[in-house]
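The values are calculated or read from the model by the stated rules, or taken from the named source; none is laboratory data. Since we're looking at a predicted model, the values are computed, not measured. Cβ atoms come from the backbone with ideal geometry, glycine included; neighbour counts cover every protein chain shown.
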Amino acid sequence: MGWFWSDAAPTAPAAPPSASKHRAQAGSPPPGCPMHNRTVEAFSSPVSSQNAASSCPVPHGNPSANAALSSCPITQGNGASTASETARDQPSLLSKLNPLNYMFHNISQEPAPNQSQALPTTRDISSIPKGDGSGNWEYPSPQQMYNALLRKGYTDTDITAVESMVAVHNFLNEGAWSEIVDWERRFGKGLLRGWQVSKRGEENAPLELRRLEAQEGGPVQPTLIRFQGRPNDMTPKAALLQLLGRVYPSKFNTEPPFDRHDWYVSRDVNGKQKEVRYVIDFYSGPPEPTGEPVFYLDVRPALTPTGAVERLMRWGGDVWWRASGGEVREQNRRSTEK
């Protein structure tokens, strides 16, 4: 997820608090696809992936293949491989990776040996601007995705599922970026302005944003500097939700996120560029009655001092507005003004 190029019958689990819901578009694989499987077991090590019942075209009898497809197909960790004394002249793994996304600089567009069918080599351009101003990030082509999976060792990947995998990956990345842009529109120009937007709850925030942006000459335009996939690292919030899910399974989701990413965004603060880290947990939810797969993206700034205040303002402001009868107060005020 998110890679670019250069369980009486249990009720349906609730979405994580503050998560945004995204429906996959037509042509996307059903929710049983291995890419929807969890990639981490809460509070357990080592990490394991589990199969989901499905009509997905990817074979579900192979745990190793499913584990590969539940996260990005290329290693995205921070560590560099240690060269032995007899191979010190060989380039390390880290030196082969792009520092902007911890992936190999180049993956071939050529068909793999013994490839059973042709795959498109077209790469879609995302809506996500690069931090260096050189345009937008590009998504990998299906052929590059397939080659990357093979390069990582997943030689039993079902080639017929690759195009759908790419489509869903791209769809979720666009949803994640939309959430980040919304957060930056609120807080990109300071905490005081963020409180102006958040103090009247989520339902009134879009209107307040449009009003302020009309006065300021337009919305902010964040850019993505770099990102890192961390499917094996559960966030503290996700771990807490797992604990609550075990205690109150009817109210909280018992499935862990199937992926986690950290995105580093450039924010203009008084003419200077500040790097802001966002944390994204990817959850799969019960499908729609029509069969459409559903995803929940929990996007928020990392728990830095500033990020903690932003979270408190946005989520706390919404809770206070609703709990204190803010909408009733607004209606009474408007009635008095008439």
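Below are the figures for this structure:
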| quantity | calculated |
| --- | --- |
| Counted residues, region 224-235 - those being surrounded by fewer than 22 Cβ atoms within 10 Å (Cβ to Cβ) and out of contact with any Gly (no Cβ under 9 Å at 6 or more places or on another chain) | 2 |
| Residue match in region 156-174 (condition: modelled with pLDDT under 85, β-branched (Val, Ile, Thr) and part of a helix (DSSP H, G or I)) | no |
| When residues of region 236-254 are limited to those that are surrounded by fewer than 21 Cβ atoms within 10 Å (Cβ to Cβ) and either in a loop (DSSP other than H, G, I, E, B) or basic (Lys, Arg) (or both), the one modelled with the highest pLDDT | LYS237 |
| Condition met for LYS152 (in contact with a Gly (Cβ under 6 Å, 6 or more places away or on another chain) and more than 22 Å from ILE280 (Cα to Cα)) | no |
| Scan of region 294-338 for residues that are in contact with a His (Cβ under 8 Å, 6 or more places away or on another chain) and farther than 22 Å from GLY188 by Cβ, ordered by number | VAL294, PHE295, TYR296 |
| Residues of region 115-139 satisfying the condition of being basic (Lys, Arg) and either farther than 20 Å from GLN273 by Cα or not in a strand (DSSP E or B) (or both) | ARG123 |
| Number of positions in region 141-155 that are part of a loop (DSSP other than H, G, I, E, B) and in contact with a helix residue (DSSP H, G or I) (Cβ under 7 Å, 6 or more places away or on another chain) | 1 |
| Long-range neighbours under 8 Å by Cβ, at least six apart or interchain, first residue more than 15 Å from GLN331 (Cβ to Cβ) within region 198-211, second among the charged types (D, E, K, R) and outside any helix (DSSP H, G or I) | GLU208/ARG200 |
